[in-house]
1. Mind listing which trypsin sites (Lys or Arg not before Pro) in segment 46-101 are in a DSSP loop and have 16 or fewer other Cβ atoms within 10 Å?
2. What residues qualify as long-range amide H neighbours of residue 79, i.e. H under 5 Å apart, gap of 5 or more or another chain, H built at 1.01 Å from N?
3. Using only alpha carbon pairs under 8 Å that are at least six residues apart, calculate the relative contact order of the chain and give it in whole percent.
4. Only counting other Cβ atoms within 10 Å, I'd like 75, 166, 251 sorted with the fewest neighbours first.
5. From the C-alpha coordinates alone, can you work out the Kirkwood hydrodynamic radius of segment 200-272, in Å?
6. Using the count of nearby Cβ atoms within 10 Å as a rough guide to exposure, how do 103, 218 rank from fewest to most?
7. Provide the per-residue ³J(HN,Hα) series for segment 230-244, in order, calculated from phi with Karplus coefficients 6.51, -1.76, 1.60 and θ = phi - 60°, each as a whole number of Hz, with x at glycine and proline positions.
8. Given the options 210, 69, 219, which has the most mean-square fluctuation in a GNM of the chain, springs set between C-alpha atoms less than 10 angstrom apart?
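What follows is calculated from the coordinates using simple rules that are stated; it is not laboratory data. Keep in mind it's a predicted model, so treat the numbers as computed, not measured. Counting neighbours? That spans all protein chains shown, and the Cβs are built from the backbone with ideal geometry, glycine included.
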Amino acid sequence: MNIKPILGCALVAAAVAVAMGGVAGKRIDSEGDYPPHLQGVCTDGTSIWWSHTVELVRTDLKGKVLAHAKGLRSHHGDLCIVDGTLYVAVNHGQFNTENKADSWVYAYKGDDLSFIKKWKVPELCHGAGGMTYRDGRFFVIGGLPPTHKDNSVYEYTPDFTFVKRHVLKSGWTNLGIQTVDFSNGKFFFGCYGGTNKVTGEKVPSLTLVAPADLSCVSAKVEDNTSTGLFRLDGHLWKATIRKVNRDEQVHSKMRYTAAMVPVTAALEEAVR
């Protein structure tokens with residue numbers, strides 16, 4: 001597993017590093033199992049919020065469930081917590097197509113997960129999939145059709161007035177960007193691996209690293225953070241999932257457990 005510096009952008013310290021294993025730390029297992037898969041996590045340092053596309057879960061830092069919202073309309077994606085309010089990127093339309101998305105941001109009370117409000121974000125024309133917060137602004141990411149070469153990050157004010165589209169010179173990533181976190185002055189974007197159905201291009205699961213101004217991609221780290229990542233106790237953590245009903249083939253009936261584990265040494269170095 002390695003980290004690749006990107007030409008034309010300031011190199012991170014990890015540009016010459018090779019991952020040799022995980023960073024020392026604990027594992028946090030969330031209680032229970034949930035349908036149909038994990039799509040994002042966030043923390044305020046005392047609780048963890050887990051997004052399972054149609055269910056939201058709040059746990060303590062040991063994984064004990066404190067609140068659980070069921071029966072949500074799909075697709076709830078990656079999320080962030082700001083001043084006690086939970087914000088979730090949501091798409092009710094199609095992902096990774098041209099203008100067939102129905103993109104929103106939903107807000108919930110962080111403590112009991114009761115619904116507060118929602119805002120339409122039509123600029124996410126390929127489907128809103130995740131979001132984070134930096135210096136009074138929200139940054140929302142989402143899908144990517146196979147005919148597109150670069151991802152985009154959409155910037156909004158606190159009342160979700162559109163500010164700017166940042167074109168991220170990432171190259172094609174499978175189904176766009178799944179998760180995002182702003183930590184230690186840098187953005188981290190989790191992306192699926194896969195094969196482009198149009199071009200045949202193959203890409204591994206990646207974490208893209210970008211500076212605060214989103215002017216470039218400073219590194220691509222082969223570490224899979226596509227189901228969630230956050231910074232806790234001075235380290236970057238990533239989500240991992242395990243399918244419980246292994247023989248189930250119907251997506252809506254699949255159930256998974258979820259846990260947080262430390263990222264690889266190369267990605268941890270990129271945080272610094």
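1. Answer by residue number: 62, 64, 70, 73, 100.
2. Answer set, sorted by chain and number: 41, 131.
3. It comes to 21 percent, rounded to a whole number.
4. The fewest-first ordering by Cβ neighbours comes to 251, 166, 75.
5. 14.3
6. By the 10 Å Cβ count, ascending, the order reads 218, 103.
7. Once θ is set to phi - 60°, the couplings for segment 230-244 become 7, 9, 8, 6, x, 10, 8, 10, 10, 7, 9, 10, 9, 6, 7 Hz.
8. Looking only at 210, 69, 219, the largest GNM fluctuation is found for 69.
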